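A quick write-up on the structure given underneath.
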Amino acid sequence: MIDLPRGEPVVAAAPATGLSAEIRGRDVVLRRPDPGTDTLSLFAATHGSPDREAVWTYMGYGPWPDEAAMRSWVAGTVSSPDPFWWVIAAAGTPVGMATVMNRDPVHQRAEVGHIWYAPSAQHTTVNTEAAYLMVRECFDALGCRRVEWKCDALNERSRVAALRLGFAFEGVFRHHMIVKGRNRDTAWYAMTHEDWRAA
């Protein structure tokens, strides 16, 4: 009998507790979207200047022609179980949104994604703390062994953020998607539960 190499045994995951509707950090709060109260702030913060291209260039949606259109989109995020959406608020003001998505309880993995912020929140500690809270939720509440981060390979800000936060670069999927009529090569990053303990 040939004894071929195999991966180490994996203990079956404990039942996941599910994602929290609200996660409070030191300076930010992740909470479920409220289209009626959140859209006004989010629209004003992301549509009022040329900086909006820094928000929407690499996203598969946005910008919207008016606040009503964005409110309709935000309303659609509320009932979505996967992606599971949060509004990110700093000092009580909504400054962006993010999700945990592509959850796979069998293989004990998930992805953090759809992460976007108003220009005023970029280059601040908001992303660091929000990402920490989301990744912690994946490892602690969902029992993940692996958390993924994917972005357009041309999105240098997202790529730098992934590495800074402790994700390891795993490669580029060429011609992975078509986003807004353009090719998207996707850069893949991941953090394992061993990486999380170190990070």
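Here are the numbers for the structure shown:
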item: Conditions (1) over 26 Å from ASP185 (Cβ atoms); (2) in contact with an Asp or Glu (Cβ under 8 Å, 6 or more places away or on another chain); (3) open to solvent by less than 30 Å² (accessible area, probe 1.4 Å): number failed by THR125; result: (3)
item: Only one of ASP27, ASP3 that is open to solvent by 40 Å² or more (accessible area, probe 1.4 Å) and closer than 21 Å to VAL100 by Cα; result: ASP27
item: Where PRO105 falls short, out of the listed (1) open to solvent by 30 Å² or more (accessible area, probe 1.4 Å); (2) more than 14 Å from the chain's Cα centre (by Cα); (3) closer than 23 Å to HIS176 by Cβ; result: (3)
item: GLU129 touching a residue at least 12 places away in the same chain (Cβ under 8 Å), acidic (Asp, Glu) and under 24 Å from GLY25 (Cβ atoms); result: yes
item: Count - residues of region 180-199 that are in contact (Cβ under 8 Å) with a residue 12 or more places away in the chain, within 20 Å of VAL100 (Cα to Cα) and outside any loop (DSSP other than H, G, I, E, B); result: 10
item: Scope region 48-66; condition open to solvent by 30 Å² or more (accessible area, probe 1.4 Å) and among the aliphatic types (A, V, I, L, M); matching residues; result: ALA54
item: Scope region 114-158; condition among the basic types (Lys, Arg) and in contact with a Ser or Thr (Cβ under 9 Å, 6 or more places away or on another chain); matching residues; result: ARG145, ARG146, LYS150
item: Residue match in region 125-132 (condition: aromatic (Phe, Trp, Tyr), assigned to a helix (DSSP H, G or I) and closer than 21 Å to GLY18 by Cα); result: yes
item: Residues that are more than 15 Å from ALA98 (Cα to Cα), open to solvent by less than 80 Å² (accessible area, probe 1.4 Å), touching a residue at least 40 places away in the same chain (Cβ under 8 Å) and not hydrophobic (A, V, I, L, M, F, W, C), drawn from region 6-24; result: GLY18
item: First in region 99-124 and free of Cβ contacts under 8 Å to residues at least 60 places away in the same chain, second anywhere and of a type in the set (Asp, Glu) and surrounded by fewer than 16 Cβ atoms within 10 Å (Cβ to Cβ), Cβ under 6 Å, 6 or more apart; result: MET101/ASP82; ARG103/ASP82
item: Residue among VAL172, VAL147, VAL135, VAL160 that alone is part of a strand (DSSP E or B), β-branched (Val, Ile, Thr) and within 18 Å of ALA98 (Cα to Cα); result: VAL147
item: Filtered residue count, region 158-199, keeping only those that are among the polar types (S, T, N, Q) and either at pLDDT below 95 or open to solvent by 80 Å² or more (accessible area, probe 1.4 Å) (or both); result: 1
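A quick yes/no check of all residues on (1) at pLDDT below 95; (2) surrounded by fewer than 18 Cβ atoms within 10 Å (Cβ to Cβ); (3) of a type in the set (Ser, Thr, Tyr):
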{"residue": "ALA68", "(1), (2), (3)": "no, yes, no"}
{"residue": "SER72", "(1), (2), (3)": "no, yes, yes"}
{"residue": "ALA75", "(1), (2), (3)": "no, yes, no"}
{"residue": "PRO83", "(1), (2), (3)": "no, no, no"}
{"residue": "ALA91", "(1), (2), (3)": "yes, yes, no"}
{"residue": "VAL95", "(1), (2), (3)": "no, no, no"}
{"residue": "ARG109", "(1), (2), (3)": "no, no, no"}
{"residue": "ILE115", "(1), (2), (3)": "no, no, no"}
{"residue": "PRO119", "(1), (2), (3)": "yes, yes, no"}
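The values are calculated or read from the model by the stated rules, or taken from the named source; none is laboratory data. Computed from a prediction, not measured in an experiment: that's the story for all the values here. In this analysis, Cβ positions are derived from the backbone assuming ideal geometry, glycine residues included, and neighbour counts consider all displayed protein chains. These area figures cover heavy atoms from the full protein model, side chains too; ligands, DNA and RNA do not enter into them. Shrake-Rupley method; radii C 1.70, N 1.55, O 1.52, S 1.80 Å.
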